[in-house]
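Each remark here refers to the structure printed beneath this line.
The values are calculated or read from the model by the stated rules, or taken from the named source; none is laboratory data. Bear in mind that the values here come from a model prediction, so they are computed numbers and not experimental data. So basically every Cβ, Gly included, is an ideal-geometry build from the backbone, and we count neighbours across all protein chains shown. Areas reflect the complete protein model, heavy atoms only, side chains present, ligands, DNA and RNA absent. Shrake-Rupley method; radii C 1.70, N 1.55, O 1.52, S 1.80 Å.
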Amino acid sequence: MMKKLIATALAAAMIFGLVSVALAASVDLPDVDGYEWEKEVRRLASLGIIDGYEDGTFKPDNTVKRSEFAKMIVCMLGLENAANLLKGEAGPFSDVAGTHWASGYINVAEMKGIVGGYPDGTFKPEGTITYAEALKMILAAMGYLEDGFLVVRWPVTWIIQATEVGLDDGVEVLANLPISRGEVAKIFDNSLTKAHVKIGEHDFEKRDPEVSFMGKLGVKSFVGQVTDSPELWDSKTSGKVAVVGKDKDGKELPAETFAVENYEGLLGHKVKVWYKGSNVLAVEDLSTEKIVTLKQYKDLANPGRYILNHTVSDKTAVDDLVENDNEDLEITVVYEGSKPIAVKAAKYETGKVSDVYAYGSTRKDLYLSDASDGRSKLALAGFEVEYQGAAEGFSDIKKDDVVQYIIDNTPDIERAFIVVVRDVYKGTLTEVTSSDKMKVDGKVFEPANTTVSDTAKAQVGSVVTLYLNKDGKVFSIKVDKAYETTETFYGVVQGTSTRLVKGERKTFADILTVDGEVEYDCTGQEDVTVGNVVYGVIGGDDKVTFTKITATGPIAVTEVDTTNKKLNDTYFYTDKTLWLEVEEGSYNTRPRPYKDDEVTLYVAAGKVVVGIVE
């Protein structure tokens, strides 16, 4: 008699139950503001699946009783009417009297094969439900019954199945520990749009027509392609998302528009929109997308929809950029399965910031050098700007930042997208390969344009700073220290000698320098005399040219400023100054002089290069 009563109630619920679940007019639950799964909790609450406490809170970290979960799962099936009809009826479990508040829900869940109780015939309604039990009950409600597959052991089989379906996405499953209310909301939310199954000949099969919890809750859906959204700068739907579906003959239907919070990235995608009344509950993305190379784009079948620089465009506009092999063009293709259905292209311009200027609300300017589109300035006052990369806003941008930008000055649009890159690399440029790759201290970089590669070829051997763009390519090169084809030194001639070298008389000089004593060929050069201070230039052929440096002094040292490296507030020395003293005709190195010393100074380019202390 009991089974018959439950079956009758279920049949009645199939006729009347779907319309009984209404969306809550307002779901407050202040204690889930900022909670990890706030969106999921509010969606389940609006569907009437979960409730708050009498004080208006949700308490997401509280555990869930088995009786509470039975109610939730029955509501997910849209069978709350059936549960109400069976309220007060005794069920199959010895510890669930007809007077128990959840008796109707537990009876329905048992009849649907969702719960089976314990071997001793009890249900333990006040016990806490575990992760494994929650996953198993949801799977059973979706049609994954034990008759359809071999349950190897508890709870491993059910957890594996839950993972395959995607019920545990975002949740760390601790199988035999109690699950929290917030985590229950998350796994319920994961299951809302999943297809329910039936036992097939060899495996579980999707029901035909397709069934899901959303459908059982009276939530409707439609499928189409996102053709307009706030992502478009020339959006025609006032901040709403527009989805265009097709009829059975493939003809496009009028656009359906709706407001949804998380629309980013869906432009051009095929989606399934779940809604109840005017309330959009979920948008399921049915597409994939990937960035393609220019060559891959050229081989692409025409998808029909094109978006260029955040505005609706056409194939010709994108093709023209591709044909020019534009290096700053980024192309993203949206796919439905393996079929391309949309192209989203972004043509970035690039420049290096030479100055930043802001004044009140009328000036917000970035001055640029080497900009790829020839601009000298980005005037951003009054523009809606999205910043990415190293800066969160205009005030974060600094001189020498590389900026890659898309800007639309059209009246009523005036929007910009700016990627700020602060990646620099400094080192010695040792090689530019035949493919224009640059090697700096063993690390390899690619140029962003031919101007960079031409500059690099002319600066091999120099110490440089590389300014990279968002793709890690070199946009600009600054030469910090140009490569010198000659080597120079200062020193004092210690002695000379003449000898035969391959049958030719040559004169050599021993020169005492700051780096030690070195012998050089000085054949035929008059300035190389013992005791002379000389300036030597070593050419590319290793031939040395000497020039005599004239002495100043001797002078008496009355003051030494070590901070600014001054003698007598007139002469400046450096770390490379060679300090010497003469003893019995020979020169010995020594520390810098101090007060009361007498020195003879040899000055070049305003700096003391050699100082001899008497």
Practice problem: First measure r as the distance between the Cβ atoms of Asp400 and Asp249, then evaluate 1/(1 + (r/R0)^6) with R0 = 56 Å and state the FRET efficiency to the nearest 0.05. | Solution: 0.45
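Using only DSSP helix segments of four residues or longer, with each worth -39500 (n - 2.57), what per-residue ellipticity at 222 nm results for the chain after dividing by its residue count and rounding to 500?
Using -39500 (n - 2.57) per qualifying helix, the result is -5000 deg cm²/dmol.
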Practice problem: Taking only protein heavy atoms into account and a 1.4 Å probe, give the accessible area per residue of the range 68-122 in Å². | Solution: 38
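How big is D, in µm² s⁻¹, for the range 512-614 by Stokes-Einstein at 10 °C and 1.306 mPa s if Rh is the Kirkwood radius over C-alpha pairs?
The Stokes-Einstein estimate is 109 µm²/s.
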Exercise. Can you pull the one-decimal nm distance between simple spin-label points at Lys295 and Glu581, each 7 Å off the Cα toward Cβ?
Key: 7.3
Quiz prompt | Loop-resident sites, the range 132-163, for chymotrypsin sites (Phe, Trp or Tyr not before Pro), counting at most 15 other Cβ within 10 Å (DSSP) | solution = Phe149
Quiz item: Between the range 385-464 and the range 104-175, what's the alpha-carbon centroid distance in Å?
Solution: 55
Exercise. Could you work out how far the C-alpha centroid of the range 44-91 sits from that of the range 270-341, in angstrom?
Key: 43
Quiz item: Going by alpha carbons, how many degrees (0 to 90, nearest 10) lie between the helix axis of 131-141 and the longest principal axis of the chain?
Solution: 50
Practice problem: Mind giving me the nanometre distance, one decimal, between the label points for Ala175 and Val151, set 7 Å out from Cα along Cα→Cβ? | Solution: 1.4
Practice problem: With a bin width of 10 angstrom, please list the P(r) values of the range 308-416 as percents of all Cα-Cα pairs, from the 0 bin to the one holding the largest distance. | Solution: 13, 39, 31, 14, 3, 0
Exercise. Can you work out the accessible area per residue across the range 494-546, with the rest of the protein chains kept in place, probe 1.4 Å, in square angstrom?
Key: 60
Quiz item: Which whole-percent values make up P(r) of the range 488-529 when all C-alpha to C-alpha distances are grouped in 10 Å steps starting at zero?
Solution: 30, 53, 17, 1
Self-check item: Accessible surface, the range 228-387, averaged per residue in Å² (probe 1.4 Å)
Solution: 54
Practice problem: For the chain, give the percent of accessible area contributed by carbon and sulfur heavy atoms, probe 1.4 Å, rounded to a whole number. | Solution: 47
Quiz item: Which value, to two decimals, describes the C-alpha radius of gyration of the range 503-561 once divided by 2.2 N^0.38 Å?
Solution: 1.43
Exercise. Kindly provide the chymotrypsin sites (Phe, Trp or Tyr not before Pro) of the range 541-607 that DSSP labels as loop, not H, G, I, E or B, and whose Cβ sees at most 12 other Cβ atoms within 10 Å.
Key: Tyr594
Exercise. Of the listed values (1) 1.24; (2) 1.14; (3) 1.05, grab the one calculated as Rg/Rh (Cα atoms, Kirkwood Rh) from the structure here.
Key: (1)
Practice problem: Do me a favour and compute the ellipsoid semi-axes for the range 203-253 from its Cα gyration tensor, root of five times each eigenvalue, largest one first, whole Å. | Solution: 30, 15, 10
Practice problem: Write down, largest first, the equivalent ellipsoid semi-axes of the range 136-221 in whole Å, where each equals the square root of 5 times an eigenvalue of the alpha-carbon gyration tensor. | Solution: 21, 19, 9
Quiz item: Just for the Cα atoms in the range 80-234, what are the lengths along the principal axes, largest first, rounded to whole Å?
Solution: 65, 37, 35
Self-check item: Per DSSP, loop GluC sites (Glu not before Pro) in the range 157-196 with at most 10 further Cβ within 10 Å
Solution: Glu172
